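Nothing in this text is a laboratory measurement; each read-out follows from the coordinates by a stated rule. The structure displayed is predicted, hence computed values, not measured ones. As a convention, Cβ positions derive from the backbone with ideal geometry for all residues, glycine included, and neighbour counts pool all protein chains shown.
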Amino acid sequence: MFSKDICPKDNDLLDLVFPYKTKGHQISTQSKVTVPENHCFVLGKNGKVLDCFNEGIYELTPANLPRCCSRLKLNRQGKNGKYKKSFKAEAYFVNKGEYSFNLETYDKAELGNRASGIFTCGLCASIKFKVNDCAKFMETLLNEYDYIKQGEAEKILKYLTSEMIINILNKYNFALSELISQNPIIEQNIFTELGHKYSKIGIVLLEVNNIKYILPKKYQKKYEEKLSLAKEKNANEEQEEKDKTLQDEYVPFGTIKFEDENYQIKQKTKEIATKTQKTDDIEEQKQENEKVEESEQATENITCGNATMITEDKNAQQNDVKNQDEYVDLDLDKIYKEEEKTTISGIKCLHCGYINQPNAIYCDICENKLK
């Protein structure tokens with residue numbers, strides 16, 4: 001008798017609000033609800049919203065139905081000591097994704113001033129929106145009808161939107177010249193005011209496009225002429241921008257080799273500039289390398305010269321030592337006299353005869369200990 005699993009089909013979720021029909025609007029307290037993505041499951045009764053469920057899988061137990069329990073008394077025991085197994089309520093799936101429709105106002109606003117006089121004005125537009133608060137949105141719909149059938153939610157919203165736009169036009173009382181010239185300030189005011197009114201019923205307004213005013217016949221011709229001129233002007237501006245882009249991307253014949261479909265066109269002048277820049281960089285690198293080689297050669301020559309000078313000094317000193325070794329005098333009296341003389345100037349080695357510094361302990365040439 002009662003539906004145990006509440007799960008809509010994909011084709012049913014294309015509408016703004018899809019009513020899920022059950023037998024006698026009876027819903028079991030043990031039933032499971034599968035809420036798809038970008039949708040919301042709403043329970044209502046007598047034009048009021050009871051409980052809402054976002055996307056996911058839920059079990060309709062008294063713990064998950066606080067408003068239904070308070071209004072329908074589901075958590076109270078009966079005379080037999082048992083709780084209710086079902087309750088009567090309407091079930092709806094609300095689409096929370098982006099939704100759009102084309103609108104033509106049902107009524108017309110009365111506008112005018114001293115210059116143009118009083119005239120009527122309607123509006124056609126395409127409106128794109130998104131349901132943000134399902135509870136507020138369903139309350140506004142259920143205030144119009146106690147039960148919403150399939151396809152009625154969009155009709156109700158169109159009627160409410162038509163009333164909102166007529167009120168906006170009456171509020172600002174736009175001049176006829178502004179409407180005929182398609183003043184963008186009017187469209188901006190309509191968008192802001194309609195978005196503010198939509199927010200009160202749980203809707204976020206995304207876009208209002210293709211606005212066209214419905215005027216009396218004597219003004220409609222002027223309006224359509226201005227509208228066609230504006231469209232031609234926009235088309236010409238777009239064509240000029242395309243022509244400019246094509247001129248910027250134009251390359252003379254014979255400068256491109258089409259290798260594949262994804263080949264990107266480039267101007268020949270840019271390629272020549274890049275090539276010249278590369279050659280200049282290579283020449284600069286060569287000059288820097290030559291300078292580095294010259295500096296390295298100079299340092300090598302200096303180091304070689306220093307090495308030769310050091311080797312020559314060592315050879316000369318060794319020759320002096322050899323000559324001194326050949327003429328060493330072993331007379332002790334002369335040695336002691338020389339030692340006394342060297343105490344002031346330096347210490348003479350007894351083995352090689354080299355005069356060392358006064359504070360030296362070992363000879364710098366033969367490395368023997370000095371006495």
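Only residues that are within 19 Å of Y106 (Cα to Cα), free of Cβ contacts under 8 Å to residues at least 40 places away in the same chain and either out of contact with any helix residue (DSSP H, G or I) (no Cβ under 6 Å at 6 or more places or on another chain) or in a strand (DSSP E or B) (or both) were counted across the stretch 195-221, and they come to 2. Checking each residue in the stretch 110-151 for being in contact (Cβ under 8 Å) with a residue 40 or more places away in the chain, outside any strand (DSSP E or B) and touching a helix residue (DSSP H, G or I) at 6+ places or on another chain (Cβ under 6 Å) picks out S116, L141, I148.
Taken over the stretch 22-35, the residue count meeting the criterion of being touching a residue at least 40 places away in the same chain (Cβ under 8 Å) and over 15 Å from S86 (Cα atoms) is 1. So, I190, is that one among the β-branched types (V, I, T), in a helix (DSSP H, G or I) and touching a helix residue (DSSP H, G or I) at 6+ places or on another chain (Cβ under 7 Å) or not? Taking the combined requirement at face value, the residue satisfies it.
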